[in-house]
Amino acid sequence: LGRGMEQKPTPTKKTAKDEIAILQTWLNRDDPLIIATHQQMDADAAFSAALLRVMKPNAAIIFVRADSTISRPEVIAVDLMNGTSAVKGLGVGSSFGLIVSTLKQSDPSFYKVLKPWAKQLNLTDQAKRCNDAVVLADMVSAWRSIGLDDETIVSRAEELLLGKLKFIRRREQQQKLASKIPIQGGVAVLGPDDNVPAKQLFQRGAKAVVRQ
C-alpha cells in the first residue's frame with residue numbers, strides 16, 4: 001500500500017447501509033480508481049474484484065494483507081473489514097452480492113444473469129451448503145491448486161464475467177432485431193441478412209419461421 005493508505009481502524013462499526021453508500025460513492029468517482037482485496041483470495045474476493053474491474057475497466061487492482069486498514073476515497077477495499085474504504089457485504093452475505101445489487105437499476109439484464117452467482121457466494125462465503133452444479137468457490141480452489149497467483153485468478157474470473165456480459169448484449173441485440181420482424185398469420189419471414197434465432201420469434205407469437 002502507498003504512504004498514508006493504511007490508517008488506524010475506524011472506531012465505529014459499519015452497517016449494511018454504510019457499505020452501500022461507500023460502494024456507490026466509489027462507483028460514481030472518476031479515474032484514477034483502485035480496487036483492493038486480500039492476498040490468497042477466496043471466491044468472493046476474486047469475483048468481487050473481477051466484477052468491479054468489468055464495471056470500471058481502468059481501475060488498478062492491488063492485493064493486501066487481510067488485516068489491512070484502508071481509508072482512501074479512490075480505493076474500494078472488497079472482502080475486507082477495516083477502514084472507511086472497506087466493504088464486506090454485511091447485508092447480503094458477500095461482497096460480490098453487494099456489488100451485484102448495485103446493478104439492479106443501472107443494468108437489470110446483467111443483474112439478472114449474475115443474481116444466481118451472487119446467491120451462491122452469499123452462501124459459500126458464510127460456509128453454508130450450496131447445491132449448484134458449478135460452485136465458484138471450488139473453481140477458485142482448483143485454480144489455486146494448479147499454481148495460479150491472485151492476479152491470474154482475478155483475470156480468469158473477469159473472463160467469465162465478460163463472457164456473460166457479451167452473451168447478454170448479443171441476446172439483447174437479437175431481441176431488438178426480432179422485434180422488427182413482421183409476423184403475419186403466425187408466420188415470420190426472415191431475410192438473408194436477418195441474424196435472429198427462431199426462438200426469439202416464437203416467443204413473440206410466431207407459429208412458423210421461414211428463412212429466405
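Run down Ile76, Ile35 and say which single residue is part of a strand (DSSP E or B), in contact with a Phe, Trp or Tyr (Cβ under 6 Å, 6 or more places away or on another chain) and open to solvent by less than 10 Å² (accessible area, probe 1.4 Å).
Ile76
Limited to segment 25-54, what total is found for residues that are closer than 30 Å to Ala142 by Cα and of a type in the set (S, T, N, Q)?
4
Conditions: (1) part of a helix (DSSP H, G or I); (2) under 23 Å from Val78 (Cα atoms). Ala127 meets all but one. Number of the miss?
That leaves (1) as the condition not met.
Pairs under 6 Å by beta carbon, first residue on the phi < 0 side of the Ramachandran plot in segment 154-176, partner among the charged types (D, E, K, R) and surrounded by 15 or more Cβ atoms within 10 Å (Cβ to Cβ), six or more apart or different chains?
Glu158/Arg53
Only residues that are out of contact with any Asp or Glu (no Cβ under 8 Å at 6 or more places or on another chain) and closer than 22 Å to Ser106 by Cα: list them for segment 28-48, please.
Asn28, Asp30, Asp31, Ile35, Phe47, listed by residue number.
Going through segment 107-134 one residue at a time, which ones are open to solvent by 90 Å² or more (accessible area, probe 1.4 Å), small (Gly, Ala, Ser) and either closer than 17 Å to Ser94 by Cα or modelled with pLDDT of 90 or more (or both)?
Hit for segment 107-134 is Ala127, nothing else.
Would you confirm whether or not segment 184-204 contains a residue that is surrounded by 15 or more Cβ atoms within 10 Å (Cβ to Cβ), among the aliphatic types (A, V, I, L, M), assigned to a helix (DSSP H, G or I) and in contact (Cβ under 8 Å) with a residue 24 or more places away in the chain?
no
Looking at segment 178-192 only, could you name the residues that are under 34 Å from the mean Cα position of the chain (by Cα) and farther than 12 Å from Val210 by Cα?
Matches in segment 178-192: Ala178, Ser179, Lys180.
The values are calculated or read from the model by the stated rules, or taken from the named source; none is laboratory data. Fair warning: this is a prediction, and the values are worked out from it, not measured in the lab. Don't worry about glycine lacking a Cβ; one is built from the backbone with ideal geometry, like all the others, and counts go over all protein chains shown. Heavy atoms of the whole protein, side chains included, go into the accessibility calculation; ligands, DNA and RNA do not. Shrake-Rupley method; radii C 1.70, N 1.55, O 1.52, S 1.80 Å.
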